[in-house]
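Down below is the structure, laid out as structure tokens.
The values are calculated or read from the model by the stated rules, or taken from the named source; none is laboratory data. The structure presented is a predicted model; accordingly, all values stated were derived computationally and were not measured. FYI the Cβ positions are ideal-geometry reconstructions off the backbone, even for glycines, and counts take in every protein chain you see.
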Amino acid sequence: MKSSYELAMERLNKSSPAVQLSARQKKQLAELDSKYAAKIAEREISFKDDINKALAGGDAEKPEQLRQQLVIERKKLQAALEEQKEKVRQDK
């Protein structure tokens with residue numbers, strides 16, 4: 001007798017089978033992850049420097065604006081990463 005987990009996994013695989021990736025695709029995905037992680041880290045460092053400068057200058061509103069911009073930048077980069085990954089997954 002199968003467990004409910006096994007039955008659920010069978011139903012899931014029938015509705016959307018797992019995609020098999022080639023070694024080349026896996027390598028490209030890893031490279032994209034690394035590239036975008038570096039871009040995100042670069043933006044975070046830049047924004048944190050600006051936030052610290054604004055705090056040191058006594059500006060109360062500017063740091064919060066910069067934090068919001070950082071969140072937006074991070075989301076844009078993550079969306080671009082996912083878009084690039086999907087292109088690699090679709091490329092056979």
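Considering every residue within segment 47-66, establish whether at least one is of a type in the set (K, R), assigned to a helix (DSSP H, G or I) and closer than 26 Å to V88 by Cα.
So far as segment 47-66 goes, no, none of its residues is of a type in the set (K, R), assigned to a helix (DSSP H, G or I) and closer than 26 Å to V88 by Cα.
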Residue count for segment 16-56, restricted to those that are surrounded by 10 or more Cβ atoms within 10 Å (Cβ to Cβ) and farther than 30 Å from K87 by Cβ: 8
Residue list for segment 61-80, filter: in contact with a helix residue (DSSP H, G or I) (Cβ under 9 Å, 6 or more places away or on another chain) and not acidic (D, E): K62, P63, Q65, L66, R67, Q69, L70, R74, L77, Q78, A80
Residue check for L12: touching an Asp or Glu at 6+ places or on another chain (Cβ under 8 Å) and assigned to a helix (DSSP H, G or I): no
Hits in segment 37-63 (condition: more than 25 Å from the chain's Cα centre (by Cα) and among the aliphatic types (A, V, I, L, M)): A54, L55, A56, A60
Y5 vs. criteria in contact with a helix residue (DSSP H, G or I) (Cβ under 6 Å, 6 or more places away or on another chain) and among the hydroxyl-bearing types (S, T, Y): no
Only listed residue being at pLDDT below 95 and among the small types (G, A, S), chosen from A80, A60: A60
Within segment 30-53, tally of residues that are among the hydroxyl-bearing types (S, T, Y) and touching a Leu at 6+ places or on another chain (Cβ under 6 Å): 1
Residue match in segment 81-91 (condition: surrounded by fewer than 12 Cβ atoms within 10 Å (Cβ to Cβ), on the phi < 0 side of the Ramachandran plot, touching a residue at least 60 places away in the same chain (Cβ under 8 Å) and charged (D, E, K, R)): yes
